[in-house]
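The values are calculated or read from the model by the stated rules, or taken from the named source; none is laboratory data. All figures in this text were calculated on a predicted structure; none of them were measured in a lab. Cβ atoms come from the backbone with ideal geometry, glycine included; neighbour counts cover every protein chain shown. We work out accessible area using only protein heavy atoms, side chains counted, and drop any ligands, DNA or RNA first. Shrake-Rupley method; radii C 1.70, N 1.55, O 1.52, S 1.80 Å.
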Amino acid sequence: MPNPVFASLPTSIFQHMTVLAQKHEAINLGQGFPDQDGPLSLREVAAKQLLDGPNQYPPSKGMAVLRQAVSAHAAQFYGLTYDPEDEVVITSGGTEAITGALMAMAGVGDEVVMIEPTYDSYRPMAEAAGAVVKAVKLAAPGWRLTEEALRAAITQKTRAILINSPHNPAGRAFSREELEALARAVSGTDIVVVCDEVYEHLVYDGAAHIPLATLPGLRGRCLKIGSAGKIFSLTGWKVGWVCGPRELVSVVTKAHQFITFTTSPALQAGVAYGLMHEMDYPLQLARRLQTNRDILAARLTKLGFDVQPCEGTYFLTAGISKLTNEKDFAFCERLIREAGVALIPLSAFFKSGTPDTFVRFAFCKQQALIEQSLERLEKYFKK
Ligand code: PMP
């Protein structure tokens, strides 16, 4: 019999909405990927490495040039020190980093705490490792994380907490106060915190990203995850990494050696170049996306959407109760068919106890497309 963790999964919501969007020629603000590729220089470096080689297995923990660049990036932006020799491991994307970290930290009967709504890979990968997931639910308005909710989810069996900040789909960049609450909740335990920070450079309104590992005493229990796909708008590259104390990274590295073993040398070389020479790119990208967010937020509010705060990521969430009595899923299907705009119902990111009156907009697109989708929505709702 197949593994029920995967056999019981429904078709992904992204696939469902994308197929429907194609059928109705809708603008797709569902799937979260940029519609413009990142810097040419990274692609040139990767292309040269591909042609000149070597194209054989790089070291399992990642090419030295990239581990050094990842370590230097953490030092430059956050003052965090990771030894590139044994405190950094390169993975095939943030997704593999998350899987490796979960498999390395939790096994059969262990508990893993996750913030719900959750990114779709988290729960199945923890469950496939035999762990039990305990959800801490964020609630609207505001999607705030509280110490009370965290403490209620933590038990003697908790081995890891997976926190995603900036958060997909909620669009939150958790505040220092919220991160301090998490720090208090784990103090005195040996719980490891897996920090999915793939949107670290997409934080808006002049705020700075706060890695949990920078809080006093937290570095030793944090596995900090990054993704070049998100930093450089090259999501198809799937190059990611995990940084952390060597005792923990060594175990993640062992999991990684049997998940993918390594990742493309050409892409590793391109990303190393980017981290060293193209860090202006994510800064400019964040400016462009902030403009998109502002345009969306203002015009959606006028239409009656209950726009929630968005401090980072590609995503904005909004309540639909003033617009419809339908649930989010039906509302999204109708918008594709009748307005020509595809969104994602937020209920897809909850296992149970879902608020089913919110939708997610992906605004990692060119401004003209965002405006075109707003024009469609305005025309539709004014009818
Ligand atoms: N974590 C979150 C929260 C994400 O949104 C994504 C990508 N959508 C990932 C991880 C995966 O990153 P990658 O593409 O590098 O595997």
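If you go through the stretch 111-169 and keep only what is under 24 Å from C364 (Cβ atoms), of a type outside the set (D, E, K, R) and assigned to a strand (DSSP E or B), you end up with M114, I115, L162, I163, N164. Counting only residues that are out of contact with any helix residue (DSSP H, G or I) (no Cβ under 6 Å at 6 or more places or on another chain), among the charged types (D, E, K, R) and surrounded by fewer than 19 Cβ atoms within 10 Å (Cβ to Cβ), how many does the stretch 344-370 have? Summing the residues that are out of contact with any helix residue (DSSP H, G or I) (no Cβ under 6 Å at 6 or more places or on another chain), among the charged types (D, E, K, R) and surrounded by fewer than 19 Cβ atoms within 10 Å (Cβ to Cβ) in the stretch 344-370 gives 1.
Of the candidates A140, A126, A149, the single residue that is open to solvent by less than 10 Å² (accessible area, probe 1.4 Å) and of a type in the set (A, V, I, L, M) is A126.
Between I163, I191, I154, which is more than 16 Å from the ligand (Cβ to nearest atom), open to solvent by less than 10 Å² (accessible area, probe 1.4 Å) and under 23 Å from V108 (Cα atoms)? Give the derivation first.
Working: I163 fails: more than 16 Å from the ligand (Cβ to nearest atom); I154 fails: open to solvent by less than 10 Å² (accessible area, probe 1.4 Å).
Going through I163, I191, I154 in turn, just one is more than 16 Å from the ligand (Cβ to nearest atom), open to solvent by less than 10 Å² (accessible area, probe 1.4 Å) and under 23 Å from V108 (Cα atoms): I191.
Here R288 fulfils each of the conditions (1) open to solvent by less than 50 Å² (accessible area, probe 1.4 Å); (2) more than 16 Å from the ligand (Cβ to nearest atom); (3) touching a residue at least 40 places away in the same chain (Cβ under 8 Å); (4) outside the structural domain of L50 (by TED's automatic domain parsing) apart from (1).
Pairs linking a residue in the stretch 89-111 that is free of Cβ contacts under 8 Å to residues at least 24 places away in the same chain to a residue that is open to solvent by less than 20 Å² (accessible area, probe 1.4 Å), with Cβ atoms under 9 Å and 6 or more positions apart or on different chains, are V108/A131. Residues in the stretch 21-79 that are free of Cβ contacts under 8 Å to residues at least 40 places away in the same chain and aliphatic (A, V, I, L, M): L40, L51, A64, A75.
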